[in-house]
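Notes to accompany the following structure.
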Amino acid sequence: MNKFLLRFVAGAAALGIISAVAVSVPGENSAKAATDEEIVLCAIDDLSGDFSIMATPKTYGYKLAVKEINDAGGITVDGKTKTVKLVQYDGQSQVKRYQELAQKCIFDDEADVVMAAYTGAEREAARREVVRNKTIYWHNNQGEGGIADHYSFFSGPTPEQQVLPALKWMIENLGPRMIFIGADYNFCRAIGAWTRTAANLYGGEIEYEEYFPFGVSQWQATISKIQSIGPDFQVHCLVGGEQVQFYPQAQAAGMSLPTWSNVTIADGYEHKRFAAPSLANMYVTPGFIEDVPHPNSIAFTKKLRAMFPDMVYANEHAGFGYTAVKAMAAAWAKAGTTETEAVIDALESGIEVAEAPGGPWKMHGDQHHAAMHSYLFMVNEDHTLSLLTDLGYTEPTFLKEIGVDMRKEAPNRQFLPPDNPAWSSFFEGQ
């Protein structure tokens, strides 16, 4: 790129003319268009805005996986050995940008796969565009589960692997009375439904439930309400840099009730960002974080930190971003092509990633979700984490239990707990 063009790009970016720029990683050259020697992976993540703390480590996982694949010589497809070209865009924590950038990935970059989004709202904005253009889409953090779509795949844990086993443990060990608070959007609404399911399955009782808009950062009234109820434990789905201000405010108010979350710590590594003991007595159920004492976790974190020495913490998304890229590499190699339907067939055959950071990982083709380990941790007063138990290697079964097999027919919709006839009574009057 000549000096004039460099000055133009810098000036245009400053003026907001250029809204997305491809970024390079070791072993990959994004300064030129993709060639016949490259497989294109397009990633959209929140590198700025309210969700950047949570999403940025995922991009590290992508970059490490791409570097390893390319350093090993690439992937043989369509009669050629090709490298992976990673094109990356900043969604800026704005839902609308995900639709626009997904279109850019498809039409400008001619992506072979798109991996995008932190929140469920971002996911759906991007996924709609990718799927309607018959391109493979991956969402690589924990989700609400139940999405049954031919082109969509999910590398992270589902509520049946996090919410159900964790809340069973909480009810049995801490007591049945709980409250639920969460962000007011599709993911946390779904986690609320899974929490209600767990309460009904395991003898719990939800005594207070409320959802709050993104950006809420003042929690004194809610903290007072929870203190007046005095539950055995709390269930939280607080999302973004503003909502997690709940924790230092709760500490200041003298509230130290046990709390479970599948996003706090696993996503935002608040135990590293907030002063102790504001996160003390928090229970979390990640499929991976760097504290997981598995050999894969130790090796992955060491490699990631060597590549990104300023990284604060290897969170769940870093691990599942890495895993998704390795799964796609295995599928391309197995299919021997980048042709979409052949690659989907390969993914549906049961791709395994033995080096997945949380431990062995296997895509279940009938579900488009994966089997994996999940772990229950507690945050101590000094913000170190104690592993309470390995919850085991669990299969994704929710869609199977309601009769969905994506290898036979993809319903192309999302199912949630009320869609399971065995659980419908849990939601009467809702």
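Would you say I226 is modelled with pLDDT of 95 or more, over 29 Å from G61 (Cα atoms), of a type outside the set (D, E) and surrounded by 18 or more Cβ atoms within 10 Å (Cβ to Cβ)? Spell out how you get there, then give the answer.
Values: modelled with pLDDT of 95 or more: yes; over 29 Å from G61 (Cα atoms): yes; of a type outside the set (D, E): yes; surrounded by 18 or more Cβ atoms within 10 Å (Cβ to Cβ): yes.
Considered against the rule, which asks whether it is modelled with pLDDT of 95 or more, over 29 Å from G61 (Cα atoms), of a type outside the set (D, E) and surrounded by 18 or more Cβ atoms within 10 Å (Cβ to Cβ), I226 comes out as yes.
Going residue by residue through the stretch 265-272, is there one that turns out to be surrounded by 15 or more Cβ atoms within 10 Å (Cβ to Cβ), in the same structural domain as L391 (by TED's automatic domain parsing), touching an Asp or Glu at 6+ places or on another chain (Cβ under 6 Å) and not aliphatic (A, V, I, L, M)?
Step one: filter the stretch 265-272 for residues surrounded by 15 or more Cβ atoms within 10 Å (Cβ to Cβ), giving 265-271.
Pick out the ones that are also in the same structural domain as L391 (by TED's automatic domain parsing) and you get 265-271.
After this cut, where a residue has to be touching an Asp or Glu at 6+ places or on another chain (Cβ under 6 Å) as well, the list is 266.
Now narrow it down to the ones that are not aliphatic (A, V, I, L, M): none.
No, the stretch 265-272 has no match at all.
Would you be able to say whether some residue in the stretch 167-175 is in the same structural domain as P286 (by TED's automatic domain parsing), of a type in the set (F, W, Y), farther than 30 Å from K326 by Cα and part of a strand (DSSP E or B)?
no
Go over the candidates Y89, Y98, Y137, Y118 one by one and state the one that is touching a residue at least 24 places away in the same chain (Cβ under 8 Å), touching a Leu at 6+ places or on another chain (Cβ under 6 Å), of a type outside the set (A, V, I, L, M, F, W, C) and surrounded by 24 or more Cβ atoms within 10 Å (Cβ to Cβ).
From the options Y89, Y98, Y137, Y118, the qualifying one is Y89.
Does Q142 satisfy the criteria of being over 21 Å from H369 (Cα atoms) and either buried (at least 24 other Cβ atoms within 10 Å of the Cβ) or touching a residue at least 24 places away in the same chain (Cβ under 8 Å) (or both)?
Values: over 21 Å from H369 (Cα atoms): no; either buried (at least 24 other Cβ atoms within 10 Å of the Cβ) or touching a residue at least 24 places away in the same chain (Cβ under 8 Å) (or both): yes.
For Q142, the condition - over 21 Å from H369 (Cα atoms) and either buried (at least 24 other Cβ atoms within 10 Å of the Cβ) or touching a residue at least 24 places away in the same chain (Cβ under 8 Å) (or both) - is not met.
Is there a residue in the stretch 378-399 that is assigned to a loop (DSSP other than H, G, I, E, B), of a type in the set (G, A, S) and at pLDDT below 95?
The answer is no; no qualifying residue exists.
Looking only at the stretch 180-207, filter to residues that are under 24 Å from the mean Cα position of the chain (by Cα) and among the β-branched types (V, I, T); which one of those is surrounded by the most Cβ atoms within 10 Å (Cβ to Cβ)?
Per the stated criteria, the residue is I191.
The values are calculated or read from the model by the stated rules, or taken from the named source; none is laboratory data. Owing to the predicted nature of the structure, the values given are computational and were not obtained by experimental measurement. Please note: Cβ atoms are built from the backbone with ideal geometry, for glycine as well, and neighbour counts cover all protein chains shown.
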